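Taking it in order: structure first as structure tokens, then the write-up.
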Amino acid sequence: MSINKVMLIGNAGKDPEVRYLESGVPVCTLPLATSETYTNKSGEKVTNTEWHNIVLWRGLAEIAQKYVKKGTQLYIEGKIRSRSWDDKDGNKRYTTEIIADSMQLLGRKPDDGHAAAPQENKPAQEADNFPVSNEPADDLPF
């Protein structure tokens with residue numbers, strides 16, 4: 001038996017980028033920063049930030065496009081996937097991504113109107129928890 005499970009709480013490093021496959025399936029990518037702070041032997045506070053490449057499919061991609069902005073605090077659950085490809089110069093490139101199965105918006109809602117509660121007359125609690133299927137499409141470009 002094996003398990004591939006990731007749980008992250010962090011902040012979006014930039015606005016989500018959404019693209020659509022030829023079949024019309026939306027896929028969203030965004031960097032997520034997780035940080036840990038500790039005090040070293042000299043008494044100085046040290047913060048280490050780790051960056052994660054998050055991939056959201058279908059409904060989660062659409063929700064992220066609509067409500068997530070740079071700085072939004074998110075809870076992401078998913079699995080780690082590593083893949084490789086050849087770039088335009090023929091060099092082998094590698095990446096590690098978190099394929100999200102679920103996402104929750106955390107923290108306060110901004111007052112600037114960018115990530116307001118959904119307008120579909122859903123209660124606030126329901127708007128902050130998105131139980132949307134996020135299985136990858138069969139027609140992946142990689």
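Every number in this text was worked out from the coordinates using simple rules, so none of it is lab data. All values reported here derive from a predicted model rather than from experimental measurement. Note: ideal-geometry Cβ built from the backbone for every residue, glycine included; neighbour counts use all protein chains shown.
Quick check on packing: order 13-20, 64-71 by the mean number of other C-beta atoms within 10 Å, highest mean leading.
Values: 13-20: 14.2, 64-71: 18.0.
For the peptides 13-20, 64-71, the packing ranking is 64-71, 13-20.
Could you give the size of the charge dipole of segment 17-60 about its Cα centre, using +1 on the Cβ of each K and R and -1 on the Cβ of each D and E, expressed in debye and rounded to the nearest 20? Please report the intermediate quantities before stating the final value.
Working: 4 positive and 5 negative charges, 14 e Å.
Approximately 60 debye in magnitude.
Run the Debye formula on the Cα coordinates of segment 1-52, all scatterers equal and no solvent, and tell me log10 I(q)/I(0) at q = 0.15, 0.19, 0.20, 0.29 1/Å.
Results for segment 1-52 at q = 0.15, 0.19, 0.20, 0.29 Å⁻¹ read -0.66, -0.83, -0.85, -1.04.
So, in nm, how far is label LYS5 from label LYS70 when the simple model puts each one 7 Å beyond its Cα toward the Cβ?
About 3.5 nm, to one decimal.
Stretched out fully, how many nm does the piece from ASN91 to GLU77 gain, at 0.36 nm a residue minus the Cα gap?
Values: separation 14, 0.36 × 14 = 5.04 nm, distance 3.17 nm.
Here the segment from ASN91 to GLU77 would lengthen by 1.9 nm.
Which distance in nm do the two modelled labels at GLU17 and ASN40 give, with both placed 7 Å along the Cα-to-Cβ direction?
Spacing of the two 7 Å Cα→Cβ label points: 3.3 nm.
Looking at the square roots a ≥ b ≥ c of the eigenvalues of the Cα gyration tensor of segment 13-113, which shape do they give, rounded for a/c under 1.5, prolate if a/b is larger than b/c, or oblate? Mind showing how you got there, number by number?
Values: a/c = 2.39, a/b = 1.24, b/c = 1.94.
Because a/c hits 1.5 or more and a/b fails to exceed b/c, segment 13-113 counts as oblate.
Return the ratio Rg/(2.2 N^0.38 Å) for segment 27-72, where Rg is computed over Cα atoms only.
1.63
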